[in-house]
1. Can you give the FRET efficiency to the nearest 0.05 for A46 and R136, using r as the Cβ-Cβ distance and R₀ = 25 Å?
2. With the crude spin-label approximation of a point 7 Å out along Cα→Cβ, what separation in nm comes out for E196 versus Q128?
3. Provide the descending list of Cα extents for the stretch 41-231 along its principal axes, expressed in whole angstroms.
4. Say the cut-off is 24 Å between C-alpha atoms; which of K71/K95; K155/K178; K49/K155; K71/K183; K39/K188; K95/K178 go over it?
5. Local charge sum around A230 (other residues, Cβ-Cβ under 12 Å, Lys/Arg +1, Asp/Glu -1)?
6. Taking the mean number of other Cβ atoms within 10 Å as a proxy for protection, how do you rank 189-201, 220-232, 24-36, 48-60 from highest to lowest?
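Read the figures in this text as sums done on the coordinates, not as results from a lab. Just so we're clear, the structure is a prediction, and the values are computed from it rather than from any experiment. Here the Cβ is made from the backbone with ideal geometry for all residues, glycine too, and neighbour counts use every protein chain on show.
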Amino acid sequence: MTGQFLPVHPAVLAGGLSEAKTEQDLAALIEAGRLLFAKPCEFFYASQKIDQLPPAEGPEIAFCGRSNVGKSSLVNALTGHNALARVSHTPGRTKQLNFFNLGDRLTLVDMPGYGYAQASKSVKEDWQGLMFDFLRGRPTLRRVLLLLDARIETKPADRMAMELLTDAAVPFQIVITKADDAKPWWLKQRILQAEELARTHTAGHPMVLVTSSHTGGGIPELRAEMASLARQA
């Protein structure tokens, strides 16, 4: 999207899509997202231990979801770098926190996938402990984007993640992935279910975003929402 926009109130740019009241507001938010994600994005840190995290400097947004929900593909689609976040075909292969610097404006955190059946009980408990400690102790974390696969029903592991985020008092927003692979009637049902899940958790953001890394659908809107979080003091 190109062109000049009339001045938009800073509260709209910082408040995100839910504050957009006019087409002008939405266009300005989409443009802000485009400009942010036009900046270089580079991997700079990885950690499997809570005491080895990088300093908490500047706003952070984390991506959380079940294994094979399309998390890495979504990060790649947002940044325009096909190999930025490694797309793994082995469920649960990534068991560390990966940090990416987006133009010195925003840090993206790729959290380990959860819910993989092969994992032992101890591994799952270790994941919960690491994630809770990270979420609770990261003052610069603006929001967690909780990814749900459009093609399948919400799993117990997804509900567990929502409870974990709520217990840690970390705001989260549901992002539906792989929307292009779902039948329209099923996708509508998934959106309604996700909205209900968000309403039943105090940490849940009321707006559910729908995306497709394959077609690019919903990517500009997600970029816009993330750009607004980068603006928050």
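1. Details: r = 20 Å, r/R0 = 0.81.
Calculated value: 0.80.
2. 2.5
3. So the extents along the principal axes, rounded to whole Å, are 45, 38, 33.
4. Details: K71/K95 13 Å; K155/K178 16 Å; K49/K155 27 Å; K71/K183 21 Å; K39/K188 34 Å; K95/K178 22 Å.
Table pairs above 24 Å Cα-Cα are K49/K155; K39/K188.
5. Numbers: positive: K39, R105, R142, R143, R223, R231; negative: E60, D104, E225.
Here the charged neighbours net out to +3.
6. Working: 189-201: 15.9, 220-232: 21.1, 24-36: 19.2, 48-60: 12.8.
The most tightly packed comes first, giving 220-232, 24-36, 189-201, 48-60.
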